[in-house]
Amino acid sequence: IMIENIENLILEHLKKIQAEQAAARERDAEILTRLSSIENGLARISRDEALTYTELVQDRHVVDKLKERIERIERRLELSQ
C-alpha cells in the first residue's frame, strides 16, 4: 500500500509537471506570435518611412528644378541682379 501511494504521488507530480509544460508551450507560442506581429509592424513602419523619405527627396528635386527655371526667367527678364 505504501509503494502504491508513493507511485500515485509520483504520477500526480508528473501530471502536474506535464500540465505546466503544456501551459508554458502555449504561452511561448502566443509570445512568438505576438513578437512576429511586432516585427512585421516595425518592418512596415521602416518601409513607410523609407517611402516618405524618397518622396521628400523627389519633392526637393522638383523644387530645385523650379527654382532654377524661375532664376533663368528672372535673368532673361532682367529682374534679378
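The values are calculated or read from the model by the stated rules, or taken from the named source; none is laboratory data. Nothing here was measured: the structure is a model prediction, and the numbers come from that model. Ideal geometry is used to build each Cβ from the backbone, glycine not excepted, and the neighbour counts take in all protein chains shown. Just the protein is used for accessible areas: all its heavy atoms, side chains included, with ligands, DNA and RNA removed. Shrake-Rupley method; radii C 1.70, N 1.55, O 1.52, S 1.80 Å.
What figure, in Å² to the nearest 10, do you get for the accessible area of ARG72 with a 1.4 Å probe and non-protein molecules left out?
Roughly 100 Å² of ARG72 is accessible to a 1.4 Å probe.
Please calculate the 1.4 Å probe accessible area of LEU11, with all protein chains present, and give it to the nearest 10 Å².
My reading of the accessible area for LEU11 is about 90 Å².
Could you work out [θ]222 nm for the chain from helices alone, using -39500 (n - 2.57) per DSSP H run of at least four and dividing by all its residues? Round to the nearest 500 deg cm²/dmol. Don't skip to the end; give the middle numbers.
Values: 1 runs with 75 residues, N = 81.
It comes out at -35500 deg cm²/dmol, rounded to the nearest 500.
Solvent-accessible area per residue for segment 37-81 at a 1.4 Å probe radius, Å²?
In whole numbers, segment 37-81 has 101 Å² accessible per residue.
Calculate, in nm to one decimal, what ASP59 and ALA23 gain on full extension: separation in residues at 0.36 nm each, minus their alpha carbon distance. Each step should come with its number before you reach the end.
On the way: separation 36, 0.36 × 36 = 12.96 nm, distance 5.38 nm.
Length gained between ASP59 and ALA23: 7.6 nm.
Give the ranking of ASP48, ASP59 by solvent-accessible surface, highest area first, calculated with a 1.4 Å probe. Don't skip to the end; give the middle numbers.
Details: ASP48 75, ASP59 95 Å².
Most to least solvent-accessible, the answer reads ASP59, ASP48.
Report, to the nearest whole %, how much of the accessible area of the chain belongs to carbon and sulfur atoms, 1.4 Å probe, protein only.
On the way: 4600 of 8070 Å².
Of all accessible area on the chain, carbon and sulfur atoms account for 57 percent.
If you find the alpha carbon centre of segment 1-40 and of segment 44-81, how far apart are they in angstrom?
62
Can you return the aspartates and glutamates within cross-link range of LYS15? Criterion is Cα-Cα under 14 Å, with same-chain partners fewer than 8 residues away left out.
LYS15 reaches GLU7.
Across segment 15-23, in residue order, what do the Karplus-derived ³J(HN,Hα) couplings come to in whole Hz, using 6.51 cos²θ - 1.76 cosθ + 1.60 with θ = phi - 60° and x for Gly and Pro?
Rounded to whole hertz, the list is 5, 5, 4, 4, 5, 5, 5, 4, 5.
Please give every one of the aspartates and glutamates within straight-line cross-link reach of LYS65, meaning a C-alpha to C-alpha distance under 20 Å, and leave out same-chain neighbours fewer than 8 residues apart.
Cross-link targets: GLU55, GLU74, GLU78.
Using a simple charge model, +1 on the beta-carbon of Lys and Arg, -1 on the beta-carbon of Asp and Glu, nothing else, what dipole does the chain show about its Cα centre, in debye to the nearest 20?
Using only the charged Cβ atoms, the result is roughly 600 debye.
Note down the accessible area of LEU35, probe 1.4 Å, to the nearest 10 Å².
My reading of the accessible area for LEU35 is about 80 Å².
Tabulate in residue order the Karplus-calculated ³J(HN,Hα) for segment 58-68, using 6.51 cos²θ - 1.76 cosθ + 1.60 with θ = phi - 60°, rounded to whole Hz; enter x for Gly and Pro.
Whole-Hz 3J(HN,Hα) from phi for segment 58-68: 4, 4, 4, 4, 4, 4, 4, 5, 4, 4, 4.
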